[in-house]
1. Under the condition of being touching a Lys or Arg at 6+ places or on another chain (Cβ under 8 Å) and surrounded by 12 or more Cβ atoms within 10 Å (Cβ to Cβ), which residue from region 187-212 is farthest from SER102 (Cα to Cα)?
2. Select from region 46-65 the residues that are touching a Lys or Arg at 6+ places or on another chain (Cβ under 9 Å) and either free of Cβ contacts under 8 Å to residues at least 24 places away in the same chain or in a helix (DSSP H, G or I) (or both) and list them in ascending order.
3. Right, ILE285: touching a Gly at 6+ places or on another chain (Cβ under 8 Å) and either touching a residue at least 60 places away in the same chain (Cβ under 8 Å) or farther than 21 Å from ILE89 by Cβ (or both) or not?
4. Keeping to region 195-216, report how many residues are under 19 Å from PRO184 (Cα atoms), outside any loop (DSSP other than H, G, I, E, B) and touching a residue at least 12 places away in the same chain (Cβ under 8 Å).
5. Sort through TYR263, TYR298 and tell me the only one that's at pLDDT 75 or above and in a helix (DSSP H, G or I).
6. Might you check whether a residue that is touching a residue at least 60 places away in the same chain (Cβ under 8 Å), more than 17 Å from ALA251 (Cα to Cα) and assigned to a helix (DSSP H, G or I) occurs anywhere in region 130-139?
7. Answer with yes or no whether LEU309 is assigned to a helix (DSSP H, G or I), at pLDDT below 80 and hydrophobic (A, V, I, L, M, F, W, C).
8. Could you check region 90-136 and list, in sequence order, the residues that are touching a Ser or Thr at 6+ places or on another chain (Cβ under 6 Å) and surrounded by fewer than 22 Cβ atoms within 10 Å (Cβ to Cβ)?
Amino acid sequence: MSPIQNSTQLSSSVLMHESLVMYSVFGLLTLVLVALDIYQTRGGAVSIKKALGWSVFWFVLAFVFAVSIYYFWDFYAPHSIYSSEKATIAFLTGYLLEKSLSVDNLFVFAIIFTQYKVPEHLRPRALLWGVIGALILRAVMIVIGAKLLAEYHWVLYLFAAFLIWTGIQLARDKGEEEEVNPYPEQFIRKFLPVSDDYQGNRLIFKQVGKWIATPMLIVVGVIAVMDVMFALDSIPAIFAVTQQPFLVLAANVFALLGLRSLYFVLQAMLDKFIYLKPALSIIMIFIGIKMVLVGTDYAIATTWSLGFLVTIMSCAVLASMYKNRMSELSNS
């Protein structure tokens with residue numbers, strides 16, 4: 001073996017070791033943050049004030065992490081072609097994109113909890129299982145997506161087509177109540193009897209020598225399936241912002257960490273955010289177009305994407321507030 005080949009193998013080995021250390025440290029950080037999220041919702045009772053405080057905390061923490069990317073990017077991704085400035089902007093854009101798309105998750109969670117009559121004090125635990133499932137599923141899909149894009153660039157255009165199609169479907173939505181996937185319930189009932197009542201946070205319990213599932217297991221199963229469907233939208237979307245695996249993973253982790261607290265903040269306002277779907281539709285189509293233009297002379301800069309994302313979501317919030325205000329005045 002030639003000295004050049006030896007040097008190449010050594011460099012590859014060092015790079016792999018550095019990446020393994022970085023991902024291990026980030027994985028440990030994620031576990032600590034998930035444990036913190038579990039601790040702050042202990043007891044099952046989450047007031048609006050408490051949820052709002054923690055929502056702000058998770059939002060600020062994401063921006064603190066963005067600052068750390070700016071100063072320690074060489075540790076996060078050694079030998080990356082991204083500069084620290086580009087990596088920071090890509091993370092913030094990806095985070096805000098994922099956060100925006102995750103708001104749609106909250107509507108579906110609310111429908112699931114209503115359909116299965118999940119008691120208020122059990123909802124934090126159900127959301128916890130949902131977040132953990134989403135973290136695992138998205139990590140797997142990020143690895144698969146990154147490998148596909150590295151090997152087959154044309155996959156990018158498939159992602160783009162899927163995003164544009166999803167955006168058009170959202171725009172055509174007539175506003176009927178969404179249906180949750182019934183297959184998890186059918187699958188569980190095929191193998192286990194299901195109790196009529198919830199048994200605290202337990203998913204299954206043993207009675208007279210026989211294992212019995214609780215409605216909580218069905219709720220978790222339905223949420224897991226919905227997580228897969230959400231990931232099919234969000235993972236291709238963020239790959240249009242950046243194809244750097246660590247930034248994609250970090251943006252998803254920080255977007256999902258505050259999802260439980262955000263649910264309790266928005267729980268009473270979900271029906272008032274009437275322009276969410278049009279906003280998400282515009283964002284999905286825009287991101288799909290951005291993905292098509294990657295690598296061309298007409299590529300859309302990430303800074304422009306960030307500005308567009310913030311503008312659309314701000315307009316949707318303000319328009320929803322104005323519409324609700326007008327409705328209140330007309331009814332008074």
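The values are calculated or read from the model by the stated rules, or taken from the named source; none is laboratory data. Since this is a predicted model, take the numbers as computed values, not measurements. Ideal geometry is used to build each Cβ from the backbone, glycine not excepted, and the neighbour counts take in all protein chains shown.
1. We begin by selecting, within region 187-212, every residue touching a Lys or Arg at 6+ places or on another chain (Cβ under 8 Å); these are 193, 201, 212.
Right, trim to surrounded by 12 or more Cβ atoms within 10 Å (Cβ to Cβ) and you get 201, 212.
Details: ASN201: 24, ILE212: 32 Å.
Only one residue tops the list, namely ILE212.
2. We begin by selecting, within region 46-65, every residue touching a Lys or Arg at 6+ places or on another chain (Cβ under 9 Å); these are 46, 51, 54, 59, 62.
Once the filter is applied, which keeps residues that are touching a Lys or Arg at 6+ places or on another chain (Cβ under 9 Å) and either free of Cβ contacts under 8 Å to residues at least 24 places away in the same chain or in a helix (DSSP H, G or I) (or both), region 46-65 yields ALA51, TRP54, PHE59, ALA62.
3. On the way: touching a Gly at 6+ places or on another chain (Cβ under 8 Å): yes; either touching a residue at least 60 places away in the same chain (Cβ under 8 Å) or farther than 21 Å from ILE89 by Cβ (or both): yes.
The answer is yes for ILE285.
4. Number satisfying all stated conditions: 6.
5. TYR263
6. Looking only at region 130-139, we keep the residues that are touching a residue at least 60 places away in the same chain (Cβ under 8 Å), and these are 130-135, 137-139.
Among the residues that remain, those that are also more than 17 Å from ALA251 (Cα to Cα) are: 130.
Next, from what is left, pick out any that are assigned to a helix (DSSP H, G or I): 130.
Yes, region 130-139 contains a residue that is touching a residue at least 60 places away in the same chain (Cβ under 8 Å), more than 17 Å from ALA251 (Cα to Cα) and assigned to a helix (DSSP H, G or I).
7. Details: assigned to a helix (DSSP H, G or I): yes; at pLDDT below 80: yes; hydrophobic (A, V, I, L, M, F, W, C): yes.
Yes, satisfied.
8. Answer for region 90-136, where residues must be touching a Ser or Thr at 6+ places or on another chain (Cβ under 6 Å) and surrounded by fewer than 22 Cβ atoms within 10 Å (Cβ to Cβ): just LEU101.
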